[in-house]
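Asker: Before I ask anything, let me first share the structure, which is written out below as structure tokens.
The values are calculated or read from the model by the stated rules, or taken from the named source; none is laboratory data. If you're wondering where the values come from, they're calculated on a predicted model, not measured in any experiment. FYI the Cβ positions are ideal-geometry reconstructions off the backbone, even for glycines, and counts take in every protein chain you see. Please note that ligands, DNA and RNA were not included when accessible areas were found on the heavy atoms of the full protein model with its side chains. Shrake-Rupley method; radii C 1.70, N 1.55, O 1.52, S 1.80 Å.
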Amino acid sequence: MKTLTDADITRIRSEFPILNTTVKGHPLVYLDNANTSQKPQCVINALKDYYERYNANIYRGLYELSELATAAYEGARLRVAQFLNAKDDCEIIFVKGTTEAINLVAQSYARPLLKPGDEVLITALEHHSNIVPWQLVCEQTGATLRVAPINLQGEVIVEEYEKCLSEKTKIVAMAHISNALGTINPIAKMIAKAHAVGAVTVIDGAQAAPHTAIDVQALNCDFYAFSSHKIYGPTGIGVLYGKKALLDAMPPYQGGGEMIKSVTFEKTTYQDLPLKFEAGTQHIEGVIGLKVALDYVAEIGFEAINHHEHELLLYATQLARQHNLRIIGEAKEKASILSFTVDNIHAHDVGTILNHYGVAVRAGHHCAMPVMEFFQVPATLRASFAFYNTKAEIDILFNALQKVREIFK
Amino acid sequence: MNDDLIELYQEVIMEHNRNPRNYGVLANANREASGFNPLCGDKIHLKLHIAADNTITAVMFEGSGCAISIASASLLTEILHRKTVAEAYTLFEQFHELLTGHPSDIPLGKLAVFAGVNAFPARVKCATLAWHTLKAALLNNNVIVSTETGHE
Ligand SMILES: Cc1ncc(COP(=O)(O)O)c(C=O)c1O
């Protein structure tokens, strides 16, 4: 098994400039990776390099700079296709992020399809960005939104999920990994069940992409979405994977330049995939940076990443128990996300105090208000670990939590 | 401990958080309003009684939230007692100045304990929620007040 040694971690940390900064005189302890991840020097350099050497619009120029930019952009698409193990690189659509990817599917796939009586099924642990687009399209079409429940560990109750499925179910949309709880859903099994009733599956992979190898062909999902900024790449860029046959049959999401073959006032013909879904000038440097980030992650390897992050999760969970924190989300299969509350102290008070010791965690509802409601907490604290975090940082977190209790004794 | 933190979580604030004053439902209220900050989850419901001569004769609140928001609501109910409506507006302005403006020598009495919030811009909205709710109640505004903007 490939693991990360202390020397590896030291080297990796030195490759992330921000990890060597301080906050209020304390070294930064960045434990909000599920929110957004930090960027390695190579990603930062790739953006700089693009602007310094070959900034040009793609597809549109016959000159060398544009050719270089186009090659880098399309090279990144190939890289993403390989990352997801897509069959064809035209199945990779660049979008702003997971949120836009889900909205695209809701509006271009679901909206023309859904009729009153049809159902869209989600789960009770979804991020708002996998709830609201479906509510909108249900409102627009008269379809019904259904929600598969979770248990007190924060796991989707698979038997209940199956009961929610019927021939009325047209779409099943669910997170691969929950951002608020860390739960890893058994999506391969859940996708198969959805397909058995003829539903199309949309997977929110925002939290999964940074932690696990993804194989969209093995999963057999119909759509898969993730965001670059959570996987060490630039912000403002993300990916929608869709099966070619589905994407081909869908109308464009937005109209504009680049997505057309010809335009007259009477009739416009659209580009083939993937350009049909990429209207207007794209986030070129974002795409280029994402490729470099994927290369960086691949070099470390998911096996080593998983192993290290899992150790951090176990270590933090054990300390949380010793410190009598209330852990929210205790799924058997869990990613390196620890949500918790401290006595009756409001999460924002805790977050403010932790910040004073250089510790960055998320304090809030994590864009998952229904999850907070289920566990009857207004907000939680969430420490989420990346491969560059260390046990020493977790110790700093727990020492700072001690201070919180001293202040609130 | 860090000086800014000591300033923020002063004993008076912690004590009001533990034992909020005038907590509950006011029976004979003739003004009320709600405040809610969805990101924080802070909730305040404020009820007042204003007499014919425009003095505030009773104030009570209910709610839940962080230490800063609860202490702020609690201290608000204390300080408003027997103030006129005009004085309440003046206090609102002065409190706002204390939190967001330059340190001043405004004689705010007990409310001065919130001066430390000035150093924590992200927490100003917690301290001002009760006060904006008060303003809505005085104006008889039937909207739920929030002091948050933007998204998380
Ligand atoms: C599970 C999950 N889905 C969707 C999103 C939305 O991602 P983005 O804001 O990058 O579009 C997030 C990010 O917070 C997430 O954690």
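Asker: Go through the stretch A:27-54 and give me each residue that's open to solvent by 70 Å² or more (accessible area, probe 1.4 Å), farther than 30 Å from A:Ala335 by Cα and without any contact (Cβ under 8 Å) to a residue 60 or more places away in the chain.
Answerer: Once the filter is applied, which keeps residues that are open to solvent by 70 Å² or more (accessible area, probe 1.4 Å), farther than 30 Å from A:Ala335 by Cα and without any contact (Cβ under 8 Å) to a residue 60 or more places away in the chain, the stretch A:27-54 yields A:Lys48, A:Glu52, A:Arg53.
Asker: Now, a different point. Take the conditions away from chain A (no Cβ under 14 Å), within 12 Å of the chain's Cα centre (by Cα), among the polar types (S, T, N, Q) and closer than 16 Å to B:Leu129 by Cα and apply them to B:Thr100. Does it pass? Step through it out loud before you land on a result.
Answerer: Details: away from chain A (no Cβ under 14 Å): yes; within 12 Å of the chain's Cα centre (by Cα): no; among the polar types (S, T, N, Q): yes; closer than 16 Å to B:Leu129 by Cα: yes.
In short, no.
Asker: Within the stretch A:91-103, identify whether any single residue is away from the ligand (no atom under 16 Å from the Cβ), surrounded by fewer than 17 Cβ atoms within 10 Å (Cβ to Cβ) and not small (Gly, Ala, Ser), and answer yes or no.
Answerer: First, pick out the residues of the stretch A:91-103 that are away from the ligand (no atom under 16 Å from the Cβ): A:91-92.
Of the ones still in play, those that are also surrounded by fewer than 17 Cβ atoms within 10 Å (Cβ to Cβ) are none.
No, that holds for no residue.
Asker: Residue under question is A:Val350, and the condition is that it be hydrophobic (A, V, I, L, M, F, W, C) and modelled with pLDDT of 95 or more; does it hold?
Answerer: Values: hydrophobic (A, V, I, L, M, F, W, C): yes; modelled with pLDDT of 95 or more: yes.
Taking the combined requirement at face value, the residue satisfies it.
Asker: A:Leu84 is checked against (1) within 14 Å of chain B (Cβ to nearest Cβ); (2) away from the ligand (no atom under 11 Å from the Cβ); (3) not aromatic (Phe, Trp, Tyr) and fails just one. What number does that condition carry?
Answerer: (1)
Asker: Please enumerate the residues belonging to the stretch A:356-401 that are among the polar types (S, T, N, Q) and either free of Cβ contacts under 8 Å to residues at least 60 places away in the same chain or at the interface with chain B (Cβ under 10 Å from one of its Cβ atoms) (or both). If you could, list the steps in order and put the result at the bottom.
Answerer: Step one: list which residues in the stretch A:356-401 are among the polar types (S, T, N, Q), which gives A:376, A:380, A:384, A:389-390, A:399.
Result: A:Gln376, A:Asn399.
Asker: All but one of (1) facing chain A (nearest Cβ under 10 Å); (2) open to solvent by less than 70 Å² (accessible area, probe 1.4 Å) hold for B:Ile6, so report the exception by its number.
Answerer: Against the list (1) facing chain A (nearest Cβ under 10 Å); (2) open to solvent by less than 70 Å² (accessible area, probe 1.4 Å), B:Ile6 comes up short only on (2).
Asker: Output the residues belonging to the stretch A:1-46 that are under 20 Å from A:Val359 (Cα atoms) and of a type in the set (A, V, I, L, M, F, W, C).
Answerer: Correct list: A:Ile9, A:Ile12, A:Phe16, A:Ile18, A:Leu19, A:Val23, A:Leu28, A:Val29, A:Leu31, A:Ala34.
Asker: Looking only at the stretch A:215-232, count every residue that is over 12 Å from the mean Cα position of the chain (by Cα) and not charged (D, E, K, R) and tell me the total. Show your work before the answer.
Answerer: The initial filter retains those residues of the stretch A:215-232 that are over 12 Å from the mean Cα position of the chain (by Cα), namely A:215-223.
Still in the list and also not charged (D, E, K, R): A:216-221, A:223.
Matching residues across the stretch A:215-232 total 7.
Asker: If you don't mind, another one. Please determine, by comparing only the residues of the stretch A:316-326 that are open to solvent by 20 Å² or more (accessible area, probe 1.4 Å) and out of contact with any Asp or Glu (no Cβ under 9 Å at 6 or more places or on another chain), which one is nearest to the other protein chains (Cβ to nearest Cβ).
Answerer: Top of the filtered list is A:His323.
Asker: Test each condition in (1) in contact with an Asp or Glu (Cβ under 8 Å, 6 or more places away or on another chain); (2) within 20 Å of A:Ala180 (Cα to Cα) for A:Val404 and report the one that comes out false.
Answerer: Only one criterion is unmet by A:Val404, namely (2).
Asker: Another question, if that's okay. Does at least one position in the stretch A:65-81 carry a residue that is away from the ligand (no atom under 16 Å from the Cβ) and assigned to a loop (DSSP other than H, G, I, E, B)?
Answerer: For the stretch A:65-81, residues away from the ligand (no atom under 16 Å from the Cβ) and assigned to a loop (DSSP other than H, G, I, E, B): absent.
Asker: Looking only at residues that are polar (S, T, N, Q) and crowded, with 20+ Cβ neighbours inside 10 Å in the stretch B:24-77, which one is modelled with the lowest pLDDT? If you could, list the steps in order and put the result at the bottom.
Answerer: Filtering the stretch B:24-77 down to residues polar (S, T, N, Q) leaves B:28, B:30, B:34, B:37, B:54-55, B:57, B:64, B:69, B:72, B:74, B:77.
When the remaining residues are screened for being crowded, with 20+ Cβ neighbours inside 10 Å, the result is B:37, B:69, B:72, B:74, B:77.
Numbers: B:Asn37: 90, B:Ser69: 96, B:Ser72: 97, B:Ser74: 97, B:Thr77: 97.
It comes out as B:Asn37.
Asker: Specify which of the listed residues (A:Lys168, A:Lys193, A:Lys189) is outside the structural domain of A:Leu31 (by TED's automatic domain parsing) and touching a Phe, Trp or Tyr at 6+ places or on another chain (Cβ under 8 Å). Working first, answer last.
Answerer: Details: A:Lys168 fails: touching a Phe, Trp or Tyr at 6+ places or on another chain (Cβ under 8 Å); A:Lys189 fails: touching a Phe, Trp or Tyr at 6+ places or on another chain (Cβ under 8 Å).
The unique qualifying residue is A:Lys193.
Asker: Does A:Val263 meet the test of being surrounded by fewer than 20 Cβ atoms within 10 Å (Cβ to Cβ) and either in contact with a Ser or Thr (Cβ under 9 Å, 6 or more places away or on another chain) or among the aliphatic types (A, V, I, L, M) (or both)?
Answerer: Yes, satisfied.
Asker: Which is assigned by TED's automatic domain parsing to the domain that holds A:Ala173, within 16 Å of the ligand (Cβ to nearest atom) and either within 30 Å of A:Val197 (Cα to Cα) or open to solvent by 10 Å² or more (accessible area, probe 1.4 Å) (or both), of A:Val132, A:Val137? Explain how you work it out, then say what you get.
Answerer: Numbers: A:Val137 fails: within 16 Å of the ligand (Cβ to nearest atom).
Unique residue meeting the criteria: A:Val132.
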